[in-house]
Amino acid sequence: MDFLTLLQVLDSSLRLATPLLLACLAGLFSERAGIFDIGLEGKMLAAAFLSAAIAATTGSVWLGLLAGVGAALLLSAIHGLASITLRGDQIISGVAINFLAAGLTVVISQDWFGQGGRTPPLLAGGRFEPLDLPGAVPAKEISEAGPFRQLYSELLSGHSLLVYVALLMVPVTWFVLYKTRFGLRLRAVGENPAAVDTAGISVVGLRYAAVGICGVLCGIAGAYMATALQAGFVKDMSAGRGFIALAALIFAKWRPWYALGACLLFGFFFAVDNRFQNILLPAWAMSGVLFALGLGLFAYVRHKTLLDRIVLGGLGLGLAIVAALITLSSLSAGLGSMIKIPVVFIQSLPYVLTVVVLAGFVGKAIPPRSGGVAYVKEK
Amino acid sequence: MGVMPKWADVVLVPLISLIIAALLSALLILAIGESPIAALKLMIEGTLLRSSGWGYMLYYTTNFIFTGLAVSVAFHAALFNIGGEGQAMMGGLGVALVCLFIPWPHWTFAIIGASLGAAFFGMIWAGLPAYLQAKRGSHIVITTIMFNFIAAGVLNFFLVGALKPKGSMDPATANFPAATHLPTFEDMAGLLGLEKMFRAAPANVSFFLALVACVLVWFLIWRTPLGYEIRAMGKSEPAARYAGIGSVKIIMVAMMISGALSGMMAINTTQGESERLILNFTEGAGFIGIAVALMGRSHPLGVFLAALLFGFLYQGGAELALWTKIPRELIVVIQALVILFTGALTLMVRGPLERLFLSLRRRR
């Protein structure tokens, strides 16, 4: 793989990471204020639909963006009403919002456009076009340019405005959360709302503000998907990105800069998955890694309780068996033969990594203390 | 404690929530430019007035009973199992392995074997998140969501790889041997001398398996010490722990039962209907289980009734998509509204009702 190919993969990682990053920061605001949000997916989907629909009918991408943010804010308002004012179950509310978006987007787009749940493809003015930064080399001449020019032109330049907005949102989020009074209060309300209330600050107001910011960011994420990454809305186009953003949020332990890292990593997995159909590894390396993981688990549970030994030992045994199967099947061709890594393995990696982090084997992820709990004012 | 009589809590609250959801859906149908009354008539004609309509409805109902019971059992232990979808996918893998690789003499044996296979695979897939919750404190909602995606990956891996017959292009297993095929309602009606009933409908004997599961879950939750412990844990974990009930054990057991029930959904779809394992056979039934459990107040009888309702909606929705310009996704909207009003906005329904009953009582 040459340098330019690597740059192209990283470039597409950045583009694919953008909706994740926006949704992840959205979830960060909401969850830091103590409101769990499973409904990121639904908000992105609703925003993607409405932004594409409005951009297609008016021809203005900015009106589309505005409409997308509006759609996400509406769903945020439902989530806020259910989980803040009516003290309902935040997770159930999020699940309902996901279904509401999945159903309504198709029903409405079928009614408006009659194209089987998609919007008409967006023309020039209806999309966010790539911006060429000053001094960037055009795509035709890029292979002759030097490595630094290539890095600048391929990776940093040529993205749509919203990519830069998303990147800029990371320091902004960090600043708002850690350097402003509002941010301190917002974090406090997710840890100990009673203390915030005692200080005479409105818990309800802060939480609605957080849910509102979450809606705006999800709206931008959805609009990016439909008007920049792709040219129009198709049914279920968020395809689980909201859940990956949630995974990234946990992977990042609810911190803005870590969120950037997690989203870029997960975006990189997407890009690798898109670009390379076959990833080959020598058989000995693959079975060796699996075998070592299995052995590691066995060593870890040696002095643990029976349950640990059954579950983790079973997992270790499973890995060892897979390693043995790979070794056996490659014996005829020699242990140095190359084996294809299944595509689904790369696709499942974000979820597996999140579970590993959640399990606390690699750096424990501790959520905000009052997350998911409605605040009831003392009388 | 309760302001409302029990019947109001159990019957009125879900009923009013349902009526609100129905009214909002009617508004949506009006907005599309169709008549809600005509739509309802069409749904009833296509579902309740034809025996094959019943056959489709009960097929969907069977799925929803299993997944609804699965979510209910977890709810009783105050756990939210959102992973029914993934557990059902793994259950399908269990059914396929059992049906393909064991030479069954007759379907009666095969259904027992397939039930065990499905339950075992579903159990393992719920057991891992349960273990992580019980021992490592990882939030079970998030882990079960992640496990849904991982299950989809695992299923995909086997269906485009090891389990796909050579030379086939579809991501599916070979057809199951004829001895494992379950009798459908059409076959059973034929045995009773009722020819031409349930023609070509997919409902099959696993519907009765679902009914048995309802009774067993009721017995487990309200008539056994384990059920008592599960409910005690669900009401108050510290109190249960003080009474000597181990939370690790209850989380593990409740989730594994829940996973087994979700997995058993695959008997109906995989062994009963498609007679081979296909991708996406769950069709979101794992998530509908959440709506069914909320609507049925986590009681097997309620789950059964709610599953019938959703079976009706699914079959009726297919009819609507066939004859009008209302797409099938309308049912997803109705499902979302039911979840919203019975699960998240309960105070909106319950608050005014409680005030009503309070004023009635004062007057007396």
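Throughout, read-outs are computed from the coordinates displayed, never taken from laboratory work. Small disclaimer: the values here were computed from a predicted structure and weren't measured. Don't worry about glycine lacking a Cβ; one is built from the backbone with ideal geometry, like all the others, and counts go over all protein chains shown.
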In whole Å, what are the Cα extents of the range A:279-336 along the three principal axes, biggest one first? 42, 17, 14
Place a +1 charge on the Cβ of each Lys and Arg in the protein assembly as shown and a -1 charge on the Cβ of each Asp and Glu, then give the dipole magnitude about the Cα centre in debye, rounded to the nearest 20. 2200
With point charges of +1 on the Cβ of Lys and Arg and -1 on the Cβ of Asp and Glu, referenced to the Cα centre of the protein assembly as shown, which listed residue (A:259, A:86, A:276) lies farthest in the positive direction of the dipole? A:86
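Is the shape of the range A:3-268 best called rounded, prolate or oblate, per the rule: a/c under 1.5 gives rounded, else a/b larger than b/c gives prolate, else oblate, with a ≥ b ≥ c the square roots of the Cα gyration tensor eigenvalues?
Details: a/c = 2.27, a/b = 1.32, b/c = 1.72.
Judged from the Cα gyration tensor, the range A:3-268 comes out oblate (a/c at least 1.5, b/c at or above a/b).
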Pairs of Cα atoms under 8 Å, at least six residues apart: use those to get the relative contact order of chain B, whole percent. 34
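Inside 10 Å of the C-beta atoms of A:266-273, what's the mean count of C-beta atoms belonging to other chains?
Counting other chains' Cβ atoms within 10 Å and averaging over A:266-273 gives 0.
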Would you please give the residues with an amide H less than 5 Å from that of residue A:233, counting only those at least 5 places away or on a separate chain, with H modeled from the backbone geometry? A:119
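Could you work out how much longer the chain between residue B:22 and residue B:169 gets when fully extended? Use 0.36 nm per residue separation minus the Cα distance between them, nm to one decimal.
48.7 nm
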I need B:99, B:214 ordered by Cβ neighbour count within 10 Å, fewest first. B:214, B:99
Along the charge dipole of the range A:96-233, which of A:189, A:116, A:158 sits closest to the positive end, that is, farthest toward it, with unit charges on the beta carbon of Lys, Arg, Asp and Glu (+1, +1, -1, -1)? A:189
Name the residue from B:60, B:121, B:222 whose Cα lies farthest towards the positive end of the charge dipole of the range B:56-309, charges +1 on Cβ of Lys and Arg and -1 on Cβ of Asp and Glu. B:222
Label point at residue B:323 placed 7 Å out along Cα→Cβ; residues across the range B:18-36 whose backbone nitrogen lies under 14 Å: B:35-36
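Find the relative contact order for the range A:3-268 and round it to a whole percent, using C-alpha pairs within less than 8 Å whose residues are 6+ positions apart.
Details: 505 pairs, mean separation 109.1, N = 266.
Rounded, it is 41 percent for the range A:3-268.
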By per-residue mean of other Cβ atoms within 10 Å, what is the highest-first order of A:285-291, A:60-66? A:60-66, A:285-291
Where the centre of each part is set by its Cα atoms, how far does the range A:65-93 sit from the range A:285-315, in angstrom? 43
What is the log10 of I(q)/I(0) for the range B:217-364, computed with the Debye formula using one identical point scatterer on each Cα and no solvent, at q = 0.09, 0.15, 0.20 Å⁻¹? -0.44, -1.02, -1.29
So, over other residues within a Cβ distance under 15 Å of residue B:324, counting Lys, Arg +1 and Asp, Glu -1, the net charge is -2
According to the Cα gyration tensor, what semi-axes, each the square root of 5 times an eigenvalue, does the equivalent ellipsoid of the protein assembly as shown have, listed from largest to smallest in whole Å? 38, 34, 29
Label points 7 Å out from Cα along the Cβ direction at residue B:360 and residue A:4: separation in nm? 7.8
Roughly how far apart, in whole Å, are the Cα centres of the range B:124-165 and the range B:304-364? 30
Exposure proxy check on B:135, A:179: fewest-to-most Cβ neighbours within 10 Å is A:179, B:135
Among A:345, B:208, which comes first, second and so on when ranked by fewest other beta-carbon atoms within 10 Å? B:208, A:345
Given pairs A:304/B:135; A:304/B:235; A:377/B:6; A:253/A:377; B:41/B:325; A:340/B:164 and cut-off 21 Å on Cα-Cα distance, the over-length ones are A:304/B:235; A:377/B:6; A:253/A:377
Highest average packing first - B:223-231, B:71-79, Cβ atoms within 10 Å: B:71-79, B:223-231
Counting only residues 5 or more apart in sequence or on a different chain, those whose built amide H sits under 5 Å from that of residue A:339 are A:281, A:283
Diffing the range A:99-106: the Karplus 3J(HN,Hα) column from phi (6.51, -1.76, 1.60, θ = phi - 60°), in whole Hz with x for Gly and Pro, holds 5, 4, 5, 4, x, 4, 4, 6
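Assign unit charges at the C-beta atoms only (+1 for Lys and Arg, -1 for Asp and Glu), then state the dipole size of chain B relative to its Cα centre in Debye, rounded to the nearest 20.
1280
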Could you tell me the calculated FRET efficiency between residue B:353 and residue B:301, based on Cβ-Cβ distance and R0 = 30 angstrom, to the nearest 0.05? 0.90
Distance in nm between pseudo-label sites at residue B:48 and residue A:182 (7 Å out along the Cβ direction from Cα): 5.3
Ratio Rg/Rh [Cα only; Rh per Kirkwood] for the range B:182-281: 1.18
Would you please give the residues with an amide H less than 5 Å from that of residue A:159, counting only those at least 5 places away or on a separate chain, with H modeled from the backbone geometry? A:131
Roughly how many debye, to the nearest 20, is the charge dipole of the range B:80-239 about its Cα centre, given +1 on each Lys and Arg Cβ, -1 on each Asp and Glu Cβ, and no other charges? 300
Percent of alpha-carbon pairs separated by more than 21 Å within the range A:142-297: 64
Say each of residue A:129 and residue A:284 gets a label point 7 Å from the Cα, pointing the same way as Cα to Cβ; how far apart are those two points in nm? 5.5
Taking 0.36 nm per residue of sequence separation and subtracting the Cα-Cα distance, how much length would be gained by fully extending the chain between residue A:306 and residue A:276, in nm to one decimal? 6.5 nm
Isotropically averaged projected area of the range B:56-309, using the convex hull of Cα atoms (one quarter of hull area), nm²: 13.9
Residues of A:78-91, mean number of Cβ from any other protein chain within 10 Å of their own Cβ, rounded to a whole number? 4
Would you mind pulling out the separation of the Cα centroids of the range A:180-223 and the range A:237-273, in Å? 22
Per residue of B:283-289, how many C-beta atoms from partner chains lie within 10 Å of its own C-beta, taken as a mean? 1
